[in-house]
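Worksheet: the structure to be examined is printed underneath.
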Amino acid sequence: MKQFLKSFLKPTEAHPELLSFQCNICGHFNEDIAKKIVKSREEQSCQHCKSSLRMRSVIYALSMELFGKNIILPDFPEDKTVTGIGMSDWEGYAELLSKKLDYTNTYYHQEPKLDITDIIPEQENKYDFIISTDVFEHIPPPVEVAFINAQRLLKPGGVLIFTVPYMNEGITKEHFPDLHDFRIVTHKNKSFLINITKDGEEQVFDDLIFHGGNGFTLEMRIFTKKSLLKELESAKFEHIKIYSDNISKFGIIWQISWAFPIAARKII
Ligand SMILES: [Zn+2]
């Protein structure tokens, strides 16, 4: 009986494969969720808003960078003087962010549009924060332009909250280093990338990797940690911080070490 009561009252202690957490995006208290689902970067582990570890870790990093403390999105102060943009952000937090802050989600293919490889001077020095989660691995080369432009978009003191999958060793591997004039064609259910280089040479690639989600999801590169930090530093970002900590009360528990959120600040 005693054992039964213990397991009834504290199910996650009695069942180590389960855990309970509060979602820092919607505030919902999730009980007895399979640990392996919570620890999966992409699985929808909040039963209410369907947030994944990646989404919760982005909001955690944003909270720390904007407010210096770890608060849930429903408790973010309402402050429309804080301006920010997302790059094809997940609607699950984008809508809440736009209620709290002067935040706009932007897209590559639809309004409000943002092409991070081609910004105009009027867009510079405008934002307190930019969220870019799993976007930069899809940007056509040279990717350093996108890092430089992200820095230009920010106000001095503004922060980039950034995720991409990355390897911990080596340097970034570009899949299509000479990309110039390219198109993707499908033949017999197989996709090919046909590229004409700047020198007029035709290249055909058939080993394409597409990620899930909307928009342009062709993987252009596999970043590495070292190359990423170098890109950020070259684009004059400072105070670069990797958010690798586990915040188990918010269901942020890492079993991988290749995609932690990174915060990087523009100082001048
Ligand atoms: Zn949630």
_Cross-link reach list, lysines versus LYS249, counting only Cα pairs under 22 Å and skipping chain neighbours closer than eight places_ = LYS6, LYS10, LYS35, LYS36, LYS39, LYS50, LYS69, LYS241
_If I ignore ligands, DNA and RNA and count only protein heavy atoms, how much of SER257 is accessible to a 1.4 Å probe, in Å² to the nearest 10?_
60 Å²
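Please compute the length gained on full extension between GLU91 and ASP178, using 0.36 nm multiplied by the number of residues separating them and subtracting their Cα-Cα distance.
On the way: separation 87, 0.36 × 87 = 31.32 nm, distance 3.40 nm.
That works out to 27.9 nm of additional length.
For segment 75-122, rounded, prolate or oblate, judged on the Cα gyration tensor with a ≥ b ≥ c (square roots of eigenvalues), a/c < 1.5 rounded, else prolate if a/b > b/c?
The shape class here is oblate.
I'm a student and want to see the number: the projected area of the Cα convex hull of segment 33-97, averaged over all directions, in nm².
4.8 nm²
So, for the chain, what is the accessible surface per residue at a probe of 1.4 Å, expressed in square angstrom? Walk me through the numbers on the way to the answer.
Details: 14140 Å² over 268 residues.
It amounts to 53 Å² per residue over the chain.
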*Take the alpha carbon gyration tensor of segment 53-139, find the square roots of its eigenvalues, order them as a ≥ b ≥ c, and report rounded if a/c is under 1.5; if not, report prolate when a/b exceeds b/c, else oblate.*
prolate
*Tell me, Kirkwood radius of segment 84-202 from alpha-carbon pair distances, in Å?*
16.3 Å
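Is the shape of segment 115-268 best called rounded, prolate or oblate, per the rule: a/c under 1.5 gives rounded, else a/b larger than b/c gives prolate, else oblate, with a ≥ b ≥ c the square roots of the Cα gyration tensor eigenvalues?
Details: a/c = 2.08, a/b = 1.38, b/c = 1.50.
Oblate shape, in that a/c is at least 1.5 and b/c is the bigger or equal ratio.
Give me the number: length gained by fully extending HIS239 to ILE171, i.e. 0.36 nm times residue separation minus the C-alpha to C-alpha distance, one decimal in nm.
Numbers: separation 68, 0.36 × 68 = 24.48 nm, distance 2.16 nm.
The HIS239-ILE171 span can extend by a further 22.3 nm.
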*Check the straight Cα-Cα distances from LYS230 and name the aspartates and glutamates below 15 Å, setting aside those fewer than 8 residues away within the same chain.*
GLU144, GLU169, GLU238
*Portion, in percent, of the accessible area of the chain that falls on carbon or sulfur, probe 1.4 Å*: 52 percent
_Semi-axes of the equivalent ellipsoid for the chain, Cα gyration tensor, largest first, Å_ = 35, 24, 17
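Over segment 188-230, what portion of Cα pair distances is larger than 16 Å, expressed as a whole percent? Each step should come with its number before you reach the end.
Numbers: 522 of 903 pairs.
When every Cα pair of segment 188-230 is considered, 58 percent fall beyond 16 Å.
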*How much FRET efficiency would the formula 1/(1 + (r/R0)^6) give for GLU122 and ILE209, where r is the Cβ-Cβ distance and R0 is 45 Å, rounded to 0.05?*
0.80
*May I ask you to derive the FRET efficiency for LYS155 and SER20 from their Cβ-Cβ distance with R0 = 30 Å, giving the value to the nearest 0.05?*
0.15
*asked:* If the reach is capped at under 18 angstrom between alpha carbons, list the lysines near LYS113, excluding any in the same chain fewer than eight residues apart.
replied: LYS126
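The values are calculated or read from the model by the stated rules, or taken from the named source; none is laboratory data. Computed from a predicted model, the values in this text were never measured in an experiment. Backbone-built Cβ (ideal geometry, glycine too); neighbour counts: all protein chains shown. Heavy atoms of the whole protein, side chains included, go into the accessibility calculation; ligands, DNA and RNA do not. Shrake-Rupley method; radii C 1.70, N 1.55, O 1.52, S 1.80 Å.
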